[in-house]
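Here the structure is laid out as structure tokens; the discussion comes afterwards.
The values are calculated or read from the model by the stated rules, or taken from the named source; none is laboratory data. Note that the structure is a prediction, hence the values are computed from the model and not measured. Here Cβ is always computed from backbone atoms with ideal geometry, including for glycine, and neighbour counts include all displayed protein chains. Accessible surface areas use protein heavy atoms only, side chains included; no ligands, DNA or RNA. Shrake-Rupley method; radii C 1.70, N 1.55, O 1.52, S 1.80 Å.
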Amino acid sequence: MNKVVITKIPTLPDYIVTAQFEHDKLVLLDCDNRKEKSILNNIYIGKVKNLVPNIEAAFIEIEKGYECYYSLTDNKNPIFINKKNNNKITIGDEIIVQVAKENIKTKQPVLTSNITLTGKYVVVSAGDKKLGISNKLSLKERQRVKELFAEQLDGEFGIIARTNIKNAAKEDVLREVQNLKNKLAHLIHHAKHRTCYSVLYEGDDNYISILKGLYEESLEQIVTDEKEIYQNIHTYLTNQNMDVNRYLLFYEDSLLPLYKLKNLESEIKNATQERIWLKSGAYLVIQPTEAFTVVDINTGKFTGKKNTQETFLKINLEAAKEIARQLRIRNISGIVVIDFIDLEKVDAKKQLMEEFDKILKKDPITTHLVGMSQLNLVELTRKKVRKSLREQVMEPCRLCHASGYISKKE
């Protein structure tokens, strides 16, 4: 069961902190800086400023002087504001774009022409006109979804069925699909009467996006001690026809604030440090670099009495569970390379990889276990969407030429 805590912390006064717990164990931390409001999922009228044919890309301004990356390969059908006789983008064109990825590390935000709106059960898209189905649904559910949307794919919009569609009433799903279609059609139609750089749609606050991503059947409670946040969540739950009294709790205790009750200051501090101790006495070292993230496993204080290889397998299995949890807590994305303790037996390696893959499949963010290299390094990729926790609460150190990070409050 999932419990979500949304609050503020005195040491980070400009932030809204969202923490998700599964069976009382932290699995997600998000620190949303209200002074640097996220533009993820915002929809704009952008202007093409530059074309780079050798990388099949364009750079598009969403506001004066703020350019974002736009892949020409991935976006074959741009939605033009200015009249065109073909789909070929040229400098000066004005098109409707949506922010698909935030600026991560030194990379610019990524834009897409596949304009989408997200609901509780589905995502409706104006670019990809096909039916997509969550891979977390069973074969039986997937077949039900295909039958449900057989008449909904009219060639104008695409539909992606989310995990929450499981066991949902047909009329509720179809009502949401139609509402999102109408809203998206209205947005695109009226964009022609708006000026360049107009914001046509603003994405949800981070905590609302996190709530949208939760499977309703696994949601136990949402707790906050901020009145404005409480009202926003109350409105969201009401619009989703969810029982507000069942799910939402306003926390009041002047002697023990919510952030102290959940020990959130320490959780944030721990999640930005390199070393993570395991119960066995072993520890992980997590080091983000510009290109990828490296994870090393060290036996540390572990004193297993079994033979060495059994000891190493036990440590690796414990480490695999914690690595999967840390990926979510820290929101580590891109390429991750893991140096598990070397295992000699093929069966032991197979067991480790199968267990690790099973754990990673529970991550709401798309995560792909690539495999183990000849050097016994395990490689995986995790989809980039939002900034990592380190980027949210820390900034590159000016004294060491950005090779290290310091807290933004320092």
Taking the Cα centre of region 25-131 as origin, sum charge times position over the Cβ atoms of Lys and Arg (+1) and Asp and Glu (-1), and report the length of that vector in debye to the nearest 20. 180
Just round it to a whole percent: the fraction of Cα-Cα distances in region 196-294 exceeding 16 Å. 72
At q = 0.18, 0.29, 0.32 Å⁻¹, what is the base-10 log of I(q)/I(0) for region 174-224 according to the Debye formula with one equal point scatterer per Cα and no solvent? Please give it to two decimals. -0.81, -1.10, -1.14
Listed residues 66, 200, 157: farthest to the positive end of the dipole of the chain (Cβ charges): 157
Can you give me the Kirkwood hydrodynamic radius for the chain, using every pair of distinct Cα atoms, in Å to one decimal? 23.5
About the Cα centre of the chain, what is the dipole size in debye to 20, counting +1 per Lys and Arg Cβ and -1 per Asp and Glu Cβ, all else neutral? 480
If r is the Cβ-Cβ distance from residue 140 to residue 202 and R0 is 25 Å, what FRET efficiency results, to the nearest 0.05? 0.10
So for region 58-213, using the alpha carbon gyration tensor with a ≥ b ≥ c as root eigenvalues (a/c under 1.5 gives rounded; past that, a/b versus b/c decides prolate or oblate), I'd call it prolate
Region 1-129: radius of gyration and largest Cα-Cα distance (Dmax), Å: 18.3, 58
For region 226-338, percent of DSSP beta bridges that are antiparallel (nearest 5) comes out at 75
Given Cβ charges of +1 for Lys and Arg and -1 for Asp and Glu, the option among 31, 134, 364 whose Cα lies farthest towards the positive end of the dipole of the chain is 134
Region 83-210 - share of DSSP beta bridges that are antiparallel (%, nearest 5): 75
Helix-only mean residue ellipticity at 222 nm for the chain, each DSSP H run of n ≥ 4 adding -39500 (n - 2.57), per residue, nearest 500: -8000 deg cm²/dmol
Read phi for every residue in region 369-375 and hand back ³J(HN,Hα) as whole Hz from Karplus 6.51 cos²θ - 1.76 cosθ + 1.60, θ = phi - 60°, with x for Gly and Pro. 7, 6, x, 10, 7, 5, 8
What are the residues whose amide H is under 5 Å from the amide H of residue 251, where those residues sit 5 or more places off or on another chain and H is modelled from the backbone? 224, 225
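Placing unit charges on C-beta atoms (Lys and Arg positive, Asp and Glu negative, everything else neutral), compute the dipole magnitude of region 126-183 about its Cα centre in debye, rounded to 20.
260
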Give me the percent of the accessible area of the chain that comes from carbon and sulfur atoms, probe 1.4 Å, all protein chains in place. 49
Mind listing the phi-derived Karplus ³J(HN,Hα) values for region 259-267, rounded to whole Hz, using 6.51, -1.76 and 1.60 with θ = phi - 60°, and x for any glycine or proline? 5, 6, 4, 9, 6, 6, 4, 5, 5
To the nearest 10 degrees, how steep is helix 170-191 against the longest Cα principal axis of the chain, on a 0 to 90 scale? 60
Points 7 angstrom from Cα along the Cβ direction at residue 108 and residue 238: gap in nanometres? 4.2
Output the relative contact order of the chain, whole-number percent, from Cα pairs under 8 angstrom with separation of 6+ residues. 15
Put one equal scatterer on each alpha carbon of region 91-147, apply the Debye formula with no solvent term, and list log10 I(q)/I(0) at q = 0.22 1/Å to two decimals. -0.97
Here, residue 381 and residue 76, labelled 7 Å along Cα→Cβ, have an inter-label distance in nm of 2.0
How much length is gained if the chain between residue 128 and residue 263 is pulled fully straight, taking 0.36 nm per residue apart and subtracting their Cα-Cα distance, in nm to one decimal? 44.3 nm
So what's the projected area for region 228-339, the Cα convex hull averaged over all directions, in nm²? 11.2
